[in-house]
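Novice: Below: one structure in structure tokens.
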């Protein structure tokens, strides 16, 4: 009996360690583009890491989420003769599709078709949002619809010009998500059990970025960029503070830098700003520490590591100092790519599918490996889970072994 208990304990420990390496939502566990995985390859062969599989995929910019031995993403495909956005589940061992669930008619624009949002995996369910605003909770094992609602119909908002792209965030029994438009509410808390509205506030126009959760002064705060301001709120829908933000389309997510700094960036001509949170007489004040034009994140968010920010200034990869916003190095000719951080390295995907392995150091741009992973437009950030790197373009999805 003691041996059996020991075996069960060891199995649970291994299982827990594996699931801790999941990537269950947009930008990973903490929504910061940072993976806690270690002991990854520190050097690549000349032809890149080992490719495990490659499968065709329909159009879309939805990133890959990973949880408990399954992969989830969204794409466009033909269903009953109509271009349709679907959510789908895949086997990470071979890329075989397990199920797909139709959500809405495909949304097409001059800069690409299909879904933009990324699935959220939570307690055996998958929460997905189509570009037309169809929000649904599905069962993770079979893709069965638990509930579904349309944001424009529910909140009186409009479909954003480039389609709904935000990914909500789960807090307890609520989904916190941008919902708004000129006639609707910008933010809402929806009940997970049935999708009904618990609260909504602010009638400013929602943008394309996703909310960020961070802990400060013993409380969890949520921050999101809406039209012409940054707003912070709590899970009950109460506004905690706000600050002006330049007019324009902001796609990239904010980054919280402990203990009290907030980095926010937008595309040209917005640029980047660093704020410091201060408590005074029971209220919160935001002090602007610096503002620069040298890191104008478009739809790709930056990552933070040991005092420095790494990200795309439109089409140039750069490293800047958190201390004063000064530029440390830059690398051109990667287009509007995306990146994540793991084990002191950056995994960078150019917008034409070139995968680069770069040392995360402010000293200089140090490329340690590169491979042409995909062809065509690649505006979707990489996913790292269980030592496997998942990438997608508008045409296919590929898996690389970076554990070795």
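The values are calculated or read from the model by the stated rules, or taken from the named source; none is laboratory data. From a predicted model like this one, the values you see are computed outputs, not experimental measurements. Reconstructed Cβ throughout: ideal geometry from the backbone, glycine too, with neighbour counts over all protein chains shown.
Novice: Can you pull out every residue in segment 149-169 that is buried (at least 19 other Cβ atoms within 10 Å of the Cβ) and outside any loop (DSSP other than H, G, I, E, B)?
Specialist: Passing the criteria: 151, 154, 155, 169.
Novice: For segment 180-216, how many residues meet the condition of being within 26 Å of residue 278 (Cβ to Cβ), modelled with pLDDT under 90 and surrounded by fewer than 21 Cβ atoms within 10 Å (Cβ to Cβ)?
Specialist: Residues in segment 180-216 being within 26 Å of residue 278 (Cβ to Cβ), modelled with pLDDT under 90 and surrounded by fewer than 21 Cβ atoms within 10 Å (Cβ to Cβ): 2 in total.
Novice: Continuing with the same structure: Cβ contacts < 6 Å: first residue free of Cβ contacts under 8 Å to residues at least 40 places away in the same chain and on the phi > 0 side of the Ramachandran plot, restricted to segment 365-377; second residue assigned to a loop (DSSP other than H, G, I, E, B) and surrounded by 13 or more Cβ atoms within 10 Å (Cβ to Cβ), any location; separation 6+ or different chain. Result?
Specialist: Listed pairs, sorted by first residue: 376/393; 376/394; 376/395.
Novice: Could you list, in sequence order, the residues of segment 101-112 that are part of a strand (DSSP E or B) and farther than 25 Å from residue 389 by Cβ?
Specialist: At the first step, the residues of segment 101-112 found to be part of a strand (DSSP E or B) are 101-105, 108-109, 112.
Matches in segment 101-112: 101, 102, 103, 104, 105, 108, 109.
Novice: What residue, of 213, 252, 188, is in contact with a helix residue (DSSP H, G or I) (Cβ under 9 Å, 6 or more places away or on another chain) and within 23 Å of residue 30 (Cα to Cα)? First the steps, then the outcome.
Specialist: On the way: 213 fails: in contact with a helix residue (DSSP H, G or I) (Cβ under 9 Å, 6 or more places away or on another chain); 252 fails: in contact with a helix residue (DSSP H, G or I) (Cβ under 9 Å, 6 or more places away or on another chain).
Just a single option satisfies the conditions, and that option is 188.
Novice: Out of 368, 331, I need the residue that is surrounded by fewer than 20 Cβ atoms within 10 Å (Cβ to Cβ), over 20 Å from residue 35 (Cα atoms), modelled with pLDDT of 95 or more and touching a strand residue (DSSP E or B) at 6+ places or on another chain (Cβ under 9 Å). Which one? First the steps, then the outcome.
Specialist: Values: 368 fails: over 20 Å from residue 35 (Cα atoms).
Within the list 368, 331, the selection yields 331.
Novice: Would you point out the residue of segment 256-276, among those that are assigned to a loop (DSSP other than H, G, I, E, B) and within 14 Å of residue 300 (Cα to Cα), that is modelled with the lowest pLDDT?
Specialist: Filtering segment 256-276 for residues assigned to a loop (DSSP other than H, G, I, E, B) gives 258-260, 267-270.
Imposing the further condition that a residue be within 14 Å of residue 300 (Cα to Cα) reduces the set to 267-268.
Details: 267: 92, 268: 85.
Top of the filtered list is 268.
Novice: Could you say which residue among 387, 404 is closer than 26 Å to residue 38 by Cα, exposed (fewer than 15 other Cβ atoms within 10 Å of the Cβ), touching a strand residue (DSSP E or B) at 6+ places or on another chain (Cβ under 9 Å) and touching a residue at least 60 places away in the same chain (Cβ under 8 Å)? Outline the logic, then answer.
Specialist: Values: 387 fails: exposed (fewer than 15 other Cβ atoms within 10 Å of the Cβ).
Result: 404 is the single residue among 387, 404 that is closer than 26 Å to residue 38 by Cα, exposed (fewer than 15 other Cβ atoms within 10 Å of the Cβ), touching a strand residue (DSSP E or B) at 6+ places or on another chain (Cβ under 9 Å) and touching a residue at least 60 places away in the same chain (Cβ under 8 Å).
Novice: Got a number for residues in segment 277-295 being surrounded by 15 or more Cβ atoms within 10 Å (Cβ to Cβ), at pLDDT 95 or above and part of a strand (DSSP E or B)?
Specialist: Filtering segment 277-295 down to residues surrounded by 15 or more Cβ atoms within 10 Å (Cβ to Cβ) leaves 277, 284, 286, 289-290, 292, 295.
Of the ones still in play, those that are also at pLDDT 95 or above are 277, 289-290, 292, 295.
Narrowing the set further to residues that are part of a strand (DSSP E or B) leaves 277, 289-290, 292.
Residues that pass the stated criteria total 4.
Novice: Here's another thing I want to ask about it. Of the residues that sit in segment 308-323 and are touching a residue at least 40 places away in the same chain (Cβ under 8 Å) and surrounded by fewer than 17 Cβ atoms within 10 Å (Cβ to Cβ), which one is nearest to residue 350 (Cα to Cα)?
Specialist: The extreme case among them is 314.
Novice: Let me ask something else about it. With buried (at least 24 other Cβ atoms within 10 Å of the Cβ), outside any loop (DSSP other than H, G, I, E, B) and touching a strand residue (DSSP E or B) at 6+ places or on another chain (Cβ under 8 Å) as the only criterion, which of 121, 127, 146, 98 stands out?
Specialist: On the way: 121 fails: buried (at least 24 other Cβ atoms within 10 Å of the Cβ); 146 fails: buried (at least 24 other Cβ atoms within 10 Å of the Cβ); 98 fails: buried (at least 24 other Cβ atoms within 10 Å of the Cβ).
None of the other options fit; the residue is 127.
Novice: Moving on to the next point. Pick from segment 101-118 the residues that are modelled with pLDDT of 95 or more and more than 19 Å from the chain's Cα centre (by Cα): which of them is surrounded by the fewest Cβ atoms within 10 Å (Cβ to Cβ)?
Specialist: 108
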